[in-house]
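Below you'll find the structure, written out as structure tokens, and then a few comments.
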There are 2 protein chains.
Amino acid sequence: MTIPTSIASQQHDHSHCISTAMEQAKAVCAQNGARLTPLREQVFRLVWNSHQPLGAYALMDMLAAESTRRVAPPTVYRALEFLLEQGLIHRINMLNAFVGCTHPSSEHANNFLICEHCGVAIEFSADPLQTSINDTAAEFGFSINAQSIELMGCCQHCREAEL
Amino acid sequence: MTIPTSIASQQHDHSHCISTAMEQAKAVCAQNGARLTPLREQVFRLVWNSHQPLGAYALMDMLAAESTRRVAPPTVYRALEFLLEQGLIHRINMLNAFVGCTHPSSEHANNFLICEHCGVAIEFSADPLQTSINDTAAEFGFSINAQSIELMGCCQHCREAEL
DNA sequence: CGACAAAGTGTTATAGAATAACATAACTTC
DNA sequence: GAAGTTATGTTATTCTATAACACTTTGTCG
Ligand SMILES: [Zn+2]
Ligand SMILES: [Zn+2]
Ligand SMILES: [Zn+2]
Ligand SMILES: [Zn+2]
């Protein structure tokens, strides 16, 4: 019922990721009294099509491909905004792209490993890391409202594949 | 001869920041055999006009205001690219903006506290934080090429001013 | 049920950020 | 000074995101 983040870059039963994410999304929206409309669900599904962050315009094209009607930017941006508010997806600032959240119900810090090879974004959280972050902020008398940690590089799977 | 990061959001002798940054920039370029041309120096100076990250188009307007000739995007983007390569400025991904680096000569991890009130970006580094980052990456078998840590919130100075 | 308000979506236009491609100028090096 | 390299100018275009307004659907309440 949870999505293990570390498998994102490996071969795995991704349909399981999708269905789990879908369940969680419905639960979160129900709990928040938010409406996961057909359009929003469609965008969410498209974002979850893979573990690779997707740009808004790529999503727009996929939306347009699925339906016959033409799709304009606000359509997809509004859906993305909703999903961001609900904590169901994250924005990767380094890529101007969006990716599904693997644990939307619990508290989550926006931390990602992003592989430059396969494009997969692995969400992670680590207590010692968060402690260091909080300590540093405290040291500066700084109060954190939002945090973005993005590490670009090469994932284990891709490095092993290269040998 | 160094720029203390913690004073960025306070009243301080900013002309000292600028002159120090300028010295360091010249030293870095000399060491790397890179040419700090008048245009690049002008852009660098404009970026260092404050501790608040500046967008490329704001810079462009400032450039245009200073000289009579008209300035097109590639002009400023090429200068910014050069300064980024030399490690003299950083890009704040959450803001699509650029800010001067306070310690360009040494190794530096791209870590920032960004105040939503005054807009100041405070560059910081913390050994335990970096250790946690490296540990986490190692745990996932991930090799880091670039890292971006951006903490948005409210700086001490602004919080005290609000009371 | 029928008005009404609120939330969601469609549509057009525009703003904002970044790069491609090619021409010209300046600076090196021989 | 000629040739090659680096830097800048110039025009056009791509990519990302939002503003503004119209229309539709959904939920609420009398
Ligand atoms: Zn998966
Ligand atoms: Zn990979
Ligand atoms: Zn200063
Ligand atoms: Zn502040």
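FYI, it's all coordinate maths here, none of it is from the lab. In this text the structure is predicted, and so the values were computed from the model without any measurement. Neighbour counts are summed over all protein chains in view; Cβ atoms, including those assigned to glycine, are modelled from backbone coordinates with ideal geometry.
Here each label is just a point 7 Å from Cα along the line to Cβ, and for A:ARG45 and A:ALA30 those points are 1.9 nm apart.
As a length-normalised measure over Cα pairs under 8 Å and 6 or more apart, the relative contact order of the stretch B:14-162 settles at 21 percent.
Over all pairs of different C-alpha atoms, the stretch B:65-112 has a mean inverse distance whose reciprocal, the Kirkwood radius, equals 12.1 Å. Placing a label point 7 Å from Cα along the Cα-to-Cβ direction at A:LEU163 gives distances to the equivalent points in the other copies of 5.7 nm, listed shortest first. Our Cα-only numbers for the stretch B:14-162 put the radius of gyration and Dmax at 16.5, 55 Å. Each Lys and Arg adds +1 at its Cβ and each Asp and Glu adds -1 at its Cβ; summed about the Cα centre, the stretch A:14-162 shows a dipole of about 760 debye. For the segment A:123-134, counting C-beta atoms of other chains within 10 Å of every residue's C-beta and taking the mean gives 4. In the protein assembly as shown, inverting the average of 1/r over every pair of distinct C-alpha atoms gives 21.7 Å as the Kirkwood radius. Of interest is the spacing of the C-alpha centroids, which for the stretch B:29-61 and the stretch B:93-163 amounts to 20 Å.
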